[in-house]
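The values are calculated or read from the model by the stated rules, or taken from the named source; none is laboratory data. Computed from a predicted structure; not experimentally measured. Cβ sites come from the backbone with ideal geometry, for glycine too, and all protein chains shown count toward neighbours. To get the accessible areas, we keep the full protein, side chains included, count just its heavy atoms, and leave off ligands, DNA and RNA. Shrake-Rupley method; radii C 1.70, N 1.55, O 1.52, S 1.80 Å.
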Amino acid sequence: MLPGPTIYRECPSCNKPFTEHSLTSGNTFGAVYWSDGKMDAEMLPEFPAIVKCPDCNNIFWISDATVIGMYDWFRGEDYEEPEEWKKAKSVIDLKIEDYITAIEEKVFSGDDNREEYLRIHLWWLINDLIRYENRQPGLFKQHNDMFRANLKHLDKLLRCKDDDEKLMKAEIARELGEFDLCVNRLEDVSNARGNVCRQINQFVQCKSQIVQRINN
Ligand SMILES: [Zn+2]
C-alpha cells in the first residue's frame, strides 16, 4: 500500500481547512468478503465519500468540498505548508447515528446514488455490531426497526443492473427473513458468482438472517 499526498479541502460550511488522505496504490491481497457486499482489505482501505467536519460537525460529501491544496510527503515538496494547513484536522468518520441523521435530513438531495451510498453504509455499520469478534447483539437488536426500514428503502433503490446489485438484493431478502424471495433472486445471478450464491443458499437452509463471512 502506497499512501498518496495529503489533500487539503475547505469545509463547505465553516470554510476551515481539513485533511483528507489518499492512496497511490493498494491491493485486495488478504481481503475478507462478507455476504452484505462489504470487503475488508487492509491494503485497500476505503476512504468515505461523506464525512463530518472536525471543526463545525457539519456532515458533507467530500466531493462537494473545494480542494485548496495538496502536499506530497514522499516527494519532499520544496515548499513549506502554509500555517493554516498545518493546523488542519482530519475529517471525522460518520457513526450509525450520523448516517441516520444524513438520511433523515436528505443530504443526498434527490440523488439516488448518494442515497444508495448512505443506506449501504448504514447497513454495513449496523451489521458491524455482529460482524466482528467483539459482537454486540444487544445493540444490534436496538437498531432493529431502523435496520429493517433501511433495507426496505435500499431494496427499492437497487435496480439489479449487475451481479453485485442482484446479490445485494438477495442478501437483503435473506436478512429480512424472506428466504423464498432470496432463493428466487439468487437464480438471477450469473454463474460467475456461483460460489457466493451457494454460500448464501446454505445460510438460507440454516434459516440464518445475520451477516456472514464469504469464503473464496
Ligand atoms: Zn466545518
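Can you confirm whether segment 20-42 contains a residue that is within 16 Å of the ligand (Cβ to nearest atom), at pLDDT 95 or above and touching a helix residue (DSSP H, G or I) at 6+ places or on another chain (Cβ under 8 Å)?
Within segment 20-42, the subset within 16 Å of the ligand (Cβ to nearest atom) is 20.
After this cut, where a residue has to be at pLDDT 95 or above as well, the list is none.
No, that holds for no residue.
Scanning segment 56-74 for residues that are open to solvent by less than 60 Å² (accessible area, probe 1.4 Å) and within 16 Å of the ligand (Cβ to nearest atom) gives Cys56, Asn58, Ile59, Phe60, Trp61, Ile62, Ala65. Applying the set (1) without any contact (Cβ under 8 Å) to a residue 12 or more places away in the chain; (2) out of contact with any Leu (no Cβ under 9 Å at 6 or more places or on another chain); (3) open to solvent by less than 50 Å² (accessible area, probe 1.4 Å) to Glu20 leaves exactly one unmet item: (1).
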